[in-house]
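Structure record follows, encoded as structure tokens.
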Amino acid sequence: MKTFIFLALLGAAATFPTSDDDDKIVGGYTCQRNSVPYQVSLNAGYHFCGGSLIDKKWVVSAAHCYKSQIQVRLGEYNIKVYEGNEQFINATKIIRHPKYNSATIDNDIMLIKLSSAATIHSQVATVSLPTSCAVAGTQCLISGWGNTLSSGTNYPDLLQCLKAPILSNTPCRTAYLGKITTNMICLGFLEGGKDSCQVERNIPHAHFELPHQTLLQMILILPSIKPPLLRIEG
């Protein structure tokens with residue numbers, strides 16, 4: 001079975017969303033503690049999506065994760081236990097891409113402004129922003145608390161990681177005719193078995209492994225998209 005992750009140029013999407021709790025990281029492994037300090041959990045009384053801290057007061061996530069009220073939880077590892085290093089900060093502004101299409105999952109990106117600045121330390125840090133575009137073959141890191149089973153459910157308490165390469169557009173367009181827009185790339189394995197498909201809410205945390213961890217989706221911003229949407233202000 002061919003499995004891919006679709007990453008929108010201005011966000012991320014897998015197949016089409018069904019419910020808030022239908023995110024998956026299949027075939028991955030438990031992340032080392034504190035190895036993904038930019039990973040955040042979006043909470044509305046329960047974990048429902050992930051995001052990446054890109055500035056002390058800004059988080060990037062997917063537009064399909066939108067809720068009118070969001071608490072951003074930083075420094076999380078075991079989301080079922082308070083471990084002492086977490087920071088819980090409410091969102092003060094939530095900005096979906098104005099051209100986000102819920103039917104096609106195009107332009108699936110969202111910025112969240114925190115009501116107060118995050119305190120940066122070994123458990124909470126911003127992810128580096130890129131200086132060039134990722135190419136096919138680039139190894140990426142995906143992280144989150146999504147369902148680890150492709151059939152059935154197993155939601156882990158501990159943060160999960162998955163390494164996967166960027167694929168060329170040809171196999172993606174062949175496998176998913178008409179579903180890959182010009183704003184998307186594919187990430188995954190042709191042989192299947194490892195993926196974050198079935199609506200991985202945490203796909204925005206795809207990062208280059210080398211030379212250092214860098215937010216993948218932020219290098220993929222279309223030239224036609226200009227501030228204020230993507231301007232990071234204090």
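The values are calculated or read from the model by the stated rules, or taken from the named source; none is laboratory data. On a predicted model such as this, the values are computed, not experimentally measured, just so you know. Heads up, the Cβs are rebuilt from the backbone with ideal geometry, glycines too, and the neighbour counts pull from every protein chain shown. Side chains are part of the model used for accessible areas, which takes the heavy atoms of the whole protein and leaves out ligands, DNA and RNA. Shrake-Rupley method; radii C 1.70, N 1.55, O 1.52, S 1.80 Å.
Quick rundown of the values:
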read-out: Carbon + sulfur, % of accessible area of region 37-126 - ligands and nucleic acids excluded, 1.4 Å; value: 43
read-out: Pairwise Lys count, region 37-126 - Cα closer than 16 Å, eight or more residues apart or different chains; value: 7
read-out: For region 34-87 and region 97-131, distance of Cα centres in Å; value: 10
read-out: Region 89-178: relative contact order as a whole-number percent, Cα under 8 Å and 6+ apart; value: 20
read-out: Solvent-accessible heavy-atom area per residue, rounded to whole Å², over region 37-126 at 1.4 Å; value: 41
read-out: Cα-centred dipole magnitude for region 37-126, charges only on beta-carbon of K, R (+1) and D, E (-1), debye, nearest 20; value: 280
read-out: Gyration tensor over alpha-carbon atoms, region 37-126, equivalent ellipsoid semi-axes in Å; value: 23, 13, 11
